[in-house]
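The values are calculated or read from the model by the stated rules, or taken from the named source; none is laboratory data. Bear in mind that the values here come from a model prediction, so they are computed numbers and not experimental data. Neighbour counts run over all protein chains shown; Cβ positions are idealised from the backbone, glycine included. Protein only, heavy atoms only, side chains kept; ligands, DNA and RNA dropped before computing areas. Shrake-Rupley method; radii C 1.70, N 1.55, O 1.52, S 1.80 Å.
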Amino acid sequence: MAFYQKYQLKNGKIKWLVMYRDSLGKQHKKKGFRTKKEAQLYAANIKVERARGREVTHKLTYQEVYEQFFIVPYTASHEESTVVKVKQDFQNYILPSFGDKLIAKITTADCQKAVLEWSKHRKNVAKLGQYAAMIFREALAQRLTYDNPMAAGLIKYPRTQPNHRPKGFTKSEFQIFVKALQNEYQEQLPRAFTFLWLLAFTGCRKQEISALEWKDVNLDRGYIYIHQAVKRDLQNHLMIGKTKNRSSVRYIPIDNKTIAILKTWQHRQHLENAILGLPNNHHQLLFTNNKGGFLTPSMPGKWLIQLEKAYDLPHVTPHGLRHTYGTLLLEAGTPITDVSKLLGHSSISTTMQVYIDLHPVTNHKAVNTLATLAQN
């Protein structure tokens, strides 16, 4: 039989504990429940599970559950790049907090404490909470614990402060950026110039541009075909993989200026490859390092920062150029359905959510409409 009672910590806070005996008569105790209701629920779960003949008798740590029941099937059913990110989150945050603790002994209070600690170093702690809860759900399924201390509604996540950093350039800032790009990079760093130009004038993701091969570029008809992206495998090596989702596979039209820039770069790359002894064919990546390998993922960001500092522009990331592309198209009156397709969004609602608040409404056209009605 399980029963619960409250106790007091040294700091005066009241907590609750549950004590029960297993079928062999051995006494168990789980402390740290924040409320009487949580303790009652845990005690009730013990009674129900024992009545069903599903008594928890195994003593596995959180990390053992992670290793034995979670990470292998998760790896088999998800993209390698996704698995790499999830593993990093577990190794850097979740396992240091819970790894060596018996999973049946971890309480909601323990989880809340961990979340507050994570929030000191990570913005999106709710995502970490979702990952951490997966292990508790697996433990429940394997009958290794009586509850999920991170079940929906139990954890309070700190509210993140709004990020006031510009996500994209305004129209005037974009014009300055284009001039800066031409002045500083077109002759001196043609690889950087062409890469950043494509980011700005196609709205592609950095990983998509990095995976472009010449067979994906139709200079006669004026379009590029996006169907792959550079990602990392389980060993953290760069590789060609799938796009973010099926909607990301798309054809993007390019203007005459961009076509001319790509032709110039193609000629320049052929000359460089001939000197380096590298092949020139349709499967050649548009952008590589000096050895013909993948371009270092951080390079576009470094190129962009140099321009921003030199021309006193606000800090916008390579992904911010994608936001700029979408924003300026919408401001120019391009139908949102077309913008959504060009960006490879899965739905128009996604496009609206991303771009609705990028730049404030500064003209008076909308409010003047109502004022005019009031005068009539």
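Could you list all residues from region 233-265 that are surrounded by 14 or more Cβ atoms within 10 Å (Cβ to Cβ) and of a type in the set (Lys, Arg)?
Correct list: Lys242, Lys244, Arg250.
Checking the conditions here, which among Thr362, Thr317, Thr337 is farther than 23 Å from Trp197 by Cα, at pLDDT 90 or above and surrounded by fewer than 20 Cβ atoms within 10 Å (Cβ to Cβ)?
Working: Thr362 fails: at pLDDT 90 or above; Thr317 fails: farther than 23 Å from Trp197 by Cα.
Selected residue: Thr337, the only one of Thr362, Thr317, Thr337 that is farther than 23 Å from Trp197 by Cα, at pLDDT 90 or above and surrounded by fewer than 20 Cβ atoms within 10 Å (Cβ to Cβ).
Restrict the check to region 276-297 and report whether at least one residue is within 14 Å of Leu198 (Cβ to Cβ), of a type outside the set (Val, Ile, Thr), open to solvent by 40 Å² or more (accessible area, probe 1.4 Å) and under 29 Å from the mean Cα position of the chain (by Cα). So that I can check it myself, show each step before the final result.
Filtering region 276-297 down to residues within 14 Å of Leu198 (Cβ to Cβ) leaves 285-287, 295.
Among the residues that remain, those that are also of a type outside the set (Val, Ile, Thr) are: 285-287, 295.
From what's left, open to solvent by 40 Å² or more (accessible area, probe 1.4 Å): none.
Within region 276-297 (the criterion being within 14 Å of Leu198 (Cβ to Cβ), of a type outside the set (Val, Ile, Thr), open to solvent by 40 Å² or more (accessible area, probe 1.4 Å) and under 29 Å from the mean Cα position of the chain (by Cα)), the answer is no, since none of the residues qualifies.
Give the number of residues within region 164-221 that are under 16 Å from His323 (Cβ atoms) and of a type in the set (Phe, Trp, Tyr).
Going through region 164-221 one residue at a time, the tally reaches 4.
Taking Arg268 and the conditions (1) within 20 Å of Gln182 (Cβ to Cβ); (2) surrounded by 14 or more Cβ atoms within 10 Å (Cβ to Cβ), which numbered condition does it fall short on, given that it satisfies the others?
Only one criterion in (1) within 20 Å of Gln182 (Cβ to Cβ); (2) surrounded by 14 or more Cβ atoms within 10 Å (Cβ to Cβ) is unmet by Arg268, namely (2).
Any residue at all in region 261-274 that is among the hydroxyl-bearing types (Ser, Thr, Tyr) and under 21 Å from His345 (Cα atoms)?
Residues of region 261-274 that are among the hydroxyl-bearing types (Ser, Thr, Tyr), as a first pass: 264.
Now narrow it down to the ones that are under 21 Å from His345 (Cα atoms): none.
Looking for residues that are among the hydroxyl-bearing types (Ser, Thr, Tyr) and under 21 Å from His345 (Cα atoms), one finds none in region 261-274, hence no.
When only residues in region 29-62 that are within 13 Å of Leu144 (Cα to Cα) and at pLDDT 85 or above count, which is farthest from the chain's Cα centre (by Cα)?
Checked region 29-62; the qualifying residue farthest from the chain's Cα centre (by Cα) is Leu60.
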